[in-house]
Amino acid sequence: TNIFPYMFTHCTVVSYNYLFLPTYYHTLKQTQQASSTMKPIDLYYASTPNGWKITIALEEMGVPYNLKMVNLARGDQRRPEFLKLSPNGRMPAIVDYEPFPGRGEPLSVFESGAILLHLAEKTGKFIPKDPYEKSKVVQWVFWQMGGLGPMAGQVSHFVNYAPHLTKDDQTYSLNRYRNEYKRLLSVIENQLAHHAHIAHEEYTIADMASYPWVVPAKRFGVSLDAYPRTKAWAASLASRPAVHKGLRIGKGIDRKPSDPLHSDMIKNLFQASKM
């Protein structure tokens, strides 16, 4: 049963078109050129670093998916239908219609790190089979979820949004989070002194988790020139076709930081409310 009764899907092959749905969501169907008989996963998504993690992973793994755009500024993430999938009211979230062999019921997964782990284990890609090496990758996914992502998100808030929300001096807050962001970049820099990638010699979901939060460093007022290994690592990932495509999925549909904020957007994006 589709719990989103007002959604419709515009289906294309390889490329994608937009179908504007003013009441709920943009819905796209993304069909991989090399997809198997695997049923498409529904991805509830906005074009942000946390969303990019999952579009990159799906493109890298060759998993077909229906892309359902969540308009954060309009408050789609607060709708009861979405909260059934993501109780925290944050995207991304997925519904996998073939989550495990021999188990037919759909599985919804929320939190980007959990989704990355689910997809890697489902496909057997971008995560080591050896339990010791797998543990290292999982640790670095959790590191990103607990450190790099939240701190970079706070930098983003004080760079992109706070100046539009208040006339108060934000210098302390911005410097606090920017300095922590720099410290976390130095952790990546030190790690890359010993490995070609963050958690392993091979490219893994740990890289997919962290890369999207390194991409906006310049916008955050941080130069990667101070982190040469991180800069080279980021450039190597940017050259991957699936990464390039994943960063551009759905771009321009939702609100951009430069767009003016009105009161409803502020409420939907920043103000606490009962879920």
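Structure data summary
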{"quantity": "Exposure ranking of T37, T48, T171 by accessible area [1.4 Å probe, largest first]", "calculated": "T37, T171, T48"}
{"quantity": "Square roots of 5 times each gyration tensor eigenvalue, C-alpha, segment 184-232, largest first, Å", "calculated": "18, 12, 7"}
{"quantity": "In Å², nearest 10: area of R183 left accessible to a 1.4 Å probe", "calculated": "120 Å²"}
{"quantity": "By accessible area with a 1.4 Å probe, ligands and nucleic acids excluded, highest first: order of D168, D130", "calculated": "D168, D130"}
{"quantity": "Carbon/sulfur fraction of accessible area - segment 114-234, other protein chains in place, 1.4 Å, %", "calculated": "53 percent"}
{"quantity": "Sequence of F142, F220 when ordered by accessible area, the most exposed leading, probe 1.4 angstrom", "calculated": "F142, F220"}
{"quantity": "Segment 33-74: mean projected area of Cα convex hull, nm²", "calculated": "3.1 nm²"}
{"quantity": "Solvent-accessible area of M208 with every protein chain in place, 1.4 Å probe, in Å² to the nearest 10", "calculated": "0 Å²"}
{"quantity": "Per principal axis, descending, Cα span of segment 60-188 in whole Å", "calculated": "57, 39, 22"}
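The values are calculated or read from the model by the stated rules, or taken from the named source; none is laboratory data. Just so you know, these numbers come straight off a predicted model, no measurement behind them. Keep in mind that these areas ignore ligands, DNA and RNA; they rest on the heavy atoms of the full protein, side chains included. Shrake-Rupley method; radii C 1.70, N 1.55, O 1.52, S 1.80 Å.
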